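The values are calculated or read from the model by the stated rules, or taken from the named source; none is laboratory data. All values derive from a computational prediction rather than experimental measurement. Using ideal geometry, Cβ is built from the backbone for each residue, glycine included, and neighbour counts are taken over all protein chains shown.
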Amino acid sequence: MTTFIVRRLFWTIPVILLVILMTFGMMRQIKGNPFRTSERAIPAEIQANLERKYGLNDPWYVQYAKYVKGVATFDLGPSLVLRNRDVNDIVREHFPRSLELGGLAFLFAFVFGIAVGTLSALKANTVFDYGAMFISNVGYAVPSFLVATLLIYFLALQWDLGFPTSGWTTPESKILPVVALGLGPMAAFARLVRGTMLETMQQDYIRTAKAKGLRWRRVVGLHVLRNSLIPVVTAAGPTLGFLITGSFVIEQIFAIPGIGRYYVTAVTSRDYSVVMGLTVLLSIIVILANLFVDVLYGILDPRTRDIRT
Amino acid sequence: MVVNPREAPTPTIAGDVAPLAQGTAGAPLRQSNLWRDAWGRYVRNRAAVAAGAAFVLLLLFCVIWPFVSPYDGNKLDFSLKNEGPSLSHPFGTDNFGRDMMTRTAEGGRVSIGIGFAATIAILLAGVAYGAISGFVGGRLDNAMMRVLDTLYGLPYLPFAIIILAIFGDANFWTMVVALSVVSWFTTARIVRGQIITLKENDYVRAARAVGARWYRILGRHLLPNTLGVLIIAIFLELPGVILGEAFLSFIGLGIGAPDASWGQMANDGRTAYRTSPHIIAVPSIAIATLILSANFIADGLRDALDPRTRET
């Protein structure tokens, strides 16, 4: 088990290096330069000085090596547009909100998704099942910006239940964004859990457990749930990564000053180092989420330890 | 998983040595045909048929309605601003007084067009990568899969945004490229898995034994048998791409005005949602209908093409 985890951890390092290299390569392809904006004419010498200061004249591999060193020491470099700010400052200011939003939405999706899916499977082909699956299928298909708008329109405006329509400050202000972001993944989890549970319940070992006279509740808790949750864990990694890195739309609607909103601003103002730093940060989160799930998967299902290294 | 449409009636070696003999040998017998069987299973699945009908109707609406409509989807009329649904404007009008029904059809052409173009690109890239990786195997396969693992580490939307920034301009085709570049990995994995499974079949060994070249084995025996999976993949990828385009347009990075996609229309409705929620609701419901029907079609196709994995 330890060797599996250690090997999996080591494999993460080249992946991160390669991701940084890819991001780096892509960023170099973007045309335009923050110092060469048409509004501000800068003398050639200053231009050259600026480029030297930020290392823009070094060969790409030197820049890459410097950057990797920076990432390793948690220093993402200065912002190119906001002269007195570091990318680290921006991350420190905006990232916790996105992390909280994504994390809460994931928790919401995971807990309610598994609950709804389990109940649906246990009450398969009843009114509850049909209703839950209908809502899940719709919830899975409706884009999050409509969910968010409907939540604001009805809960906050029409029925006036005291939810603020924007911001990320009080606990009440966090409920609507979390639900809007988490609804789609929740529906996906519910569908997945229902499907795998129904499949598991047809297995021979479940029949054996029932035949032994085990109480049904115990069969479900001990055998069915445990075996059905493995595919859910597999899906959980990418979902967690997606929720933390993909709240762009929700942040926009609820005017939450998180990383997604800042990212779009940075792209349009050609603030390379910020875009680069944020992309690398988000990539590392996705990679770590996948790593976490792989390790968990190895614990839950020992057969996968050798294959998935 | 292993479906074998072409070779089923004829013994495998004969199929390779004497392709001309095909069809004549077993003529009197009406062989069961995989595609006909699959079609039979599909039409018995009521949810899948309803989803297929909704999908086709939505496509027809988007293609035909702009020709029939009495309105021009880009014509501004400020006297009709933000009107709710009425008899003359069944979907209402938007914040520039444009007819939402016509605009939804025109936006659908853009959204679905981008969706299909990107899906085709995803399938092409996925098949090429997956087939090479699975067919060659060994170290190359290993290396190619590691690269894929790395690509999975890139976050979806930021990655697409960077690619759009590289182009410097968001239009129909740059959107197609950006969305397909960030979404082809899963198809590549599926195809690779299929090829590896199929490679071990007796008819492939037999073909190899009689000296068939690699391109013949790949083109005649392996790729045709991945067709079922690829057809399902179309309906699995399409929703993701259309949603991705909608998200990008919604945060203001989509293709430029006045041409609209559904995401762009939803973005138009964002500012006025308090007074006229229909502007954001109409295109969103169109997106939801498309995604919902595509999901059900994919489920139906999976059951129809591969009865062994039928869900309970």
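Could you check region A:28-44 and list, in sequence order, the residues that are more than 7 Å from every other protein chain (Cβ to nearest Cβ) and either within 25 Å of the chain's Cα centre (by Cα) or modelled with pLDDT of 75 or more (or both)?
A:R28
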Quiz item: If we only count helices (runs of 4 or more DSSP H) wholly inside region B:144-202, which ones have 2 or more residues that are crowded, with 20+ Cβ neighbours inside 10 Å and over 16 Å from the mean Cα position of the chain (by Cα)?
Solution: B:156-167, B:185-199
Practice problem: Please give the number of the condition A:Y205 fails out of (1) buried (at least 18 other Cβ atoms within 10 Å of the Cβ); (2) assigned to a helix (DSSP H, G or I). | Solution: (1)
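Just to verify a result, which residue in region A:140-164, among those that are assigned to a helix (DSSP H, G or I) and within 11 Å of A:I175 (Cβ to Cβ), is nearest to the chain's Cα centre (by Cα)? So that I can check it myself, show each step before the final result.
Quick first cut of region A:140-164, residues assigned to a helix (DSSP H, G or I) only: A:140-141, A:144-158.
Checking which are within 11 Å of A:I175 (Cβ to Cβ) leaves us with A:151, A:155-156.
Details: A:L151: 22, A:L155: 26, A:A156: 27 Å.
Result: A:L151.
Of these, A:V219, A:V267, which one is within 26 Å of A:A190 (Cβ to Cβ) and either more than 14 Å from chain B (Cβ to nearest Cβ) or in contact with a helix residue (DSSP H, G or I) (Cβ under 6 Å, 6 or more places away or on another chain) (or both)? Reasoning before the result, please.
Values: A:V267 fails: within 26 Å of A:A190 (Cβ to Cβ).
That would be A:V219, the only listed residue that is within 26 Å of A:A190 (Cβ to Cβ) and either more than 14 Å from chain B (Cβ to nearest Cβ) or in contact with a helix residue (DSSP H, G or I) (Cβ under 6 Å, 6 or more places away or on another chain) (or both).
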Quiz item: So which pairs qualify, if the first residue must be in region A:267-295 and touching a residue at least 60 places away in the same chain (Cβ under 8 Å) and in a helix (DSSP H, G or I), the second must be crowded, with 21+ Cβ neighbours inside 10 Å and basic (K, R), the Cβ gap must be under 7 Å, and the two must be at least 6 apart or on different chains?
Solution: none
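A quick yes/no check of all residues on (1) at the interface with chain B (Cβ under 9 Å from one of its Cβ atoms); (2) at pLDDT 85 or above:
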| position | (1), (2) |
| --- | --- |
| A:S247 | no, no |
| A:I250 | no, yes |
| A:R261 | yes, no |
| A:D271 | no, no |
| A:V274 | no, no |
| A:T279 | yes, yes |
| A:I284 | yes, yes |
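Given the residues B:L20, B:L57, which is the only one that is at pLDDT below 85 and surrounded by fewer than 13 Cβ atoms within 10 Å (Cβ to Cβ)?
Values: B:L57 fails: at pLDDT below 85.
Answer to the selection: B:L20.
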Self-check item: The lone exception for B:I280 - which of (1) touching a Gly at 6+ places or on another chain (Cβ under 6 Å); (2) part of a helix (DSSP H, G or I); (3) of a type outside the set (S, T, Y); (4) touching a residue at least 60 places away in the same chain (Cβ under 8 Å) it fails
Solution: (4)
